[in-house]
1. Could you sort out which of K396/K423; K32/K103; K188/K307; K143/K396; K103/K307 sit more than 29 Å apart by Cα distance in this structure?
2. Between K396 and A156, what's the calculated FRET efficiency when r is the beta-carbon distance and R0 is 22 Å? Round to 0.05.
3. If one computes the Cα centroid of segment 434-484 and of segment 10-43, what distance in Å separates the two points?
4. Give the aspartates and glutamates reachable from K49 as a straight Cα distance under 12 Å; neighbours fewer than 8 places away on the same chain don't count.
5. Using a basic spin-label model with each label point 7 Å from the Cα along Cα→Cβ, how many nm lie between A474 and R354?
6. Need one word for segment 250-396: rounded, prolate or oblate. Basis is the Cα gyration tensor (sqrt eigenvalues a ≥ b ≥ c); a/c below 1.5 gives rounded, then a/b vs b/c decides.
7. State, to one decimal in nm, how far the label point of S48 lies from the label point of D431, with both points 7 Å from Cα in the Cβ direction.
8. Grab the Cα-Cα distance for V201 and R413, subtract it from 0.36 nm times how many residues apart they are, and report the gain in nm with one decimal.
Amino acid sequence: MSNILRGSRVKRSSKRANDFISSIGFDLPIAKHVVAINMAHMLALSRSKEVTPAVASACLAFLDSLPRDVELDPETEDVHHAVEQQAVRAIGIETAGFLNFGKSRNDQVATAIRMQARVRLLDLGAALARVQEAIILQMRRHKAAIMPGYTHLQHAQPVTLAHHLQAYFDALQRDVARVEEAYSCVNKSPMGAAALAGTSVRVDREYVAALLGFDGLVENAMDAVSSRDFALQSASAAAIAMVNLSRLAEELILWSSIEFGFVELGDEYSATSSIMPQKKNPVVAETIRAKCGSVIGGLTSMLAIAKALPNSYNLDLQEVTPHLWRALDDATESASLMAEMLSSARFDEDALQRSLSTDMSTATELANHLVVKYHVPFRQAHAIVGELVRSALERKAPLEATAAEQMAKVSTRITGKPVKIDKHEFQSVLDALKTLKLIRSAGGSNPLSVSRLLLKDAKSAEQNSSWLAAARCALGQADERLQKQVRANKNEVRT
Ligand code: ARG
């Protein structure tokens, strides 16, 4: 049979050009949605009596007979063409010829991409939520573990491991929220927009949207077929989540090195060297770090393709879609593996604490102490402590050992008045755990406030799961309703 889509307007065809413009090679992810859309559209046509019951029931019976993983004829231009052509072959043009009455590939493809994006966004949200669960697990396991906190990758102030990990929890919470927001933007139906102008055919857009599980319409028909900002938003959510995951991956890579020795990653997430038998390489974390680059690249490609496209549908849009699937797949797989790897990671609390022993990272609290107890202006307290640190380093001695004897001299030089502090006071002020307990600001590294926020985190994690479950359930129910209506309708004429 000749290509039904070529109609009569264009006569000659070039195999090379056809292959070049075909999306059949990457349409598989939307194939089952295209079938569902055809079903919903036919139900709408039948309801408004735009087609006869016989046509509707024949078309619906055909669509219902297709396997869930539809086979796509590689010779067709795209999945829309493939399904229609298969229908014409199977039930004849007298009936299948009405499938595309009042709809276009333009509204159909935008709808199908949205349907698949919904599923993939929920997968991404669930994978991110699993990373959050892994973080909660490790926070509970290591509530009291203290470690250096870094700025500029230099020891800055003591923190707890739980506080450090909680920072990632919070970032992931925003990632999940971004996925949720992208979902609500995606979850609107373009069907009924037809090619660009809407249609004179009576298709109840609301009815079709409800059958396909959407919670509203993309109202303007031109917008419905031209815009891919929902895809850009979804890929952005994936890219930003990947940036966060790549940061965590980077820290796990650094922390598993001999220099840090803070963590040991599971063998399942590591590889060895083909030549150096002692090697344990953090290959999964490295790959997550790299995939972040691919996702950013995908998003950049999508933005570049979509920019400056005039209204309404342009075939350029076809090139956007594979980048979206790849970005969502990479992000979901990265998050899933991060969740597994992090749950099984073994943190070494002694190594974390040991690395604090000579780093003088409690110096800030010593400066605060000079302000609070001795009324030294902070800027001068900062200068005094800086000098004490420098001199301890020069003498290769611990700060508490040299500070007691030098304090009076240094403080006099800087403020004109001597401050006298004995060794015991120094020891107590410079104790890492004590400095943590002094932290009063909300969200700080005080173990008490971290534990308090942990309770909130656990609640947020629960809310994430219930949102994800509810959205998935709504999609499942819509699909069931659609199938039910199809079965009721296809049997109507026969019985
Ligand atoms: N394969 C196309 C896509 O993915 C479907 C829409 C084609 N529409 C058209 N008017 N050529 O975007």
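Bear in mind that the values in this text are calculations on the coordinates, not laboratory data. Predicted, not measured: the structure shown is a model, and the values here were computed from it. Cβ atoms come from the backbone with ideal geometry, glycine included; neighbour counts cover every protein chain shown.
1. Over 29 Å Cα-Cα: K143/K396.
2. It comes to 0.55.
3. If you average the Cα positions of each part, the centres end up 40 Å apart.
4. Partners found: D204.
5. 5.3
6. Verdict is oblate for segment 250-396.
7. Reported label-point gap for S48 and D431 is 7.8 nm.
8. Between V201 and R413, full extension yields 67.4 nm more.
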